[in-house]
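Contents: one structure, followed by commentary.
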Amino acid sequence: MAYLQEQIKPYSPEGGKREQVGEMFDNIAPVYDRLNHLLALGIDRRWRRTAIRELGKHEPRRILDVSTGTGDFAILTARLLKPQRIVGADISEGMMQVGRRKVEAEGLSQVISFQREDCERMSFTDASFDAVTVAFGVRNYEHLDRCLREMGRVLRRGGHLLIIELSSPESFPMRQLFRLYSHTLMPLVGRLVSHDGKAYDYLTASIEAFPTAKAMTEILKANGFRLLRLRRMTGGICTMYLATPI
């Protein structure tokens, strides 16, 4: 099935979304962390901790962090859960280079490794991970169904998929406030700091095009997952999904 968010691309209606997203993240990699925390007013750190603690109840030892970017989620997961191994996978080598430096500085190189992967066709063997995590990445997928099925393939039976994603609030007044913020301050700050205005126009468009929580629950089900927990955070600006393969 095709979804609206799959049609939203950073630079041009022509060409593949996957390639454009990879280019975009390579372009903004040097400023991504600083800008990300700035735009989220630091609240994103709390979102990550909340989600990781929910996953921690299941004590995963082998974790795949898809769309790992600069490794923030993988690093925090390693600190909080003390797993045996985390593999960070991403299509942007520029983002992962930043992540490798951060992991080395944290002394976590024995736990966290990075490799370039296309989430539609990953190189990992079946049932090789206890958990798959995706923090703020699923709205960037060109083919959401294919990526979700691939995540299910690499999860062991009884494993867990954890997704946290930016979302459009559904209730007054947060919906109106977030729309104002995302259409004015977010792209302005993104343009000034990253010098890539299209990247942060894309951010706003991709959030608005992403499926609602109800629709995402059905998408997970259609791709072989049973939802265990859905949690809206900060008035619905961020949504957490915890699911397990059926």
Filter result (hydrophobic (A, V, I, L, M, F, W, C) and surrounded by fewer than 18 Cβ atoms within 10 Å (Cβ to Cβ)) within the range 196-212: ALA209
Taking the residues in the range 77-129 that are within 21 Å of GLU54 (Cβ to Cβ) and part of a loop (DSSP other than H, G, I, E, B) as candidates, determine which candidate is least open to solvent (accessible area, probe 1.4 Å). PRO83
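Return yes or no: is MET216 crowded, with 18+ Cβ neighbours inside 10 Å, modelled with pLDDT of 90 or more and in a helix (DSSP H, G or I)?
In short, yes.
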Among (1) open to solvent by 20 Å² or more (accessible area, probe 1.4 Å); (2) at negative phi; (3) in contact (Cβ under 8 Å) with a residue 60 or more places away in the chain, where does CYS147 come up short? (1)
Which condition number does ALA243 fail, the rest of (1) surrounded by fewer than 19 Cβ atoms within 10 Å (Cβ to Cβ); (2) of a type in the set (Gly, Ala, Ser); (3) at pLDDT 95 or above being met? (1)
Output the number of the condition that GLY235 fails; it satisfies all remaining conditions of (1) part of a helix (DSSP H, G or I); (2) on the phi < 0 side of the Ramachandran plot; (3) open to solvent by 40 Å² or more (accessible area, probe 1.4 Å). (2)
Might you check whether a residue that is of a type outside the set (A, V, I, L, M, F, W, C) and either crowded, with 17+ Cβ neighbours inside 10 Å or assigned to a strand (DSSP E or B) (or both) occurs anywhere in the range 170-181? no
For the range 41-76, enumerate the residues that are open to solvent by 20 Å² or more (accessible area, probe 1.4 Å) and modelled with pLDDT under 95. LEU41, GLY42, ILE43, ARG45
Scan the range 7-17 and give yes if some residue there is more than 21 Å from ILE91 (Cα to Cα) and of a type outside the set (Val, Ile, Thr), otherwise no. no
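The values are calculated or read from the model by the stated rules, or taken from the named source; none is laboratory data. Computed from a predicted structure; not experimentally measured. Methodologically, a virtual Cβ is constructed for each residue, glycine included, from the backbone with ideal geometry; neighbour enumeration extends over all protein chains shown. Only protein heavy atoms, including side chains, enter the accessible area calculation; ligands, DNA and RNA are left aside. Shrake-Rupley method; radii C 1.70, N 1.55, O 1.52, S 1.80 Å.
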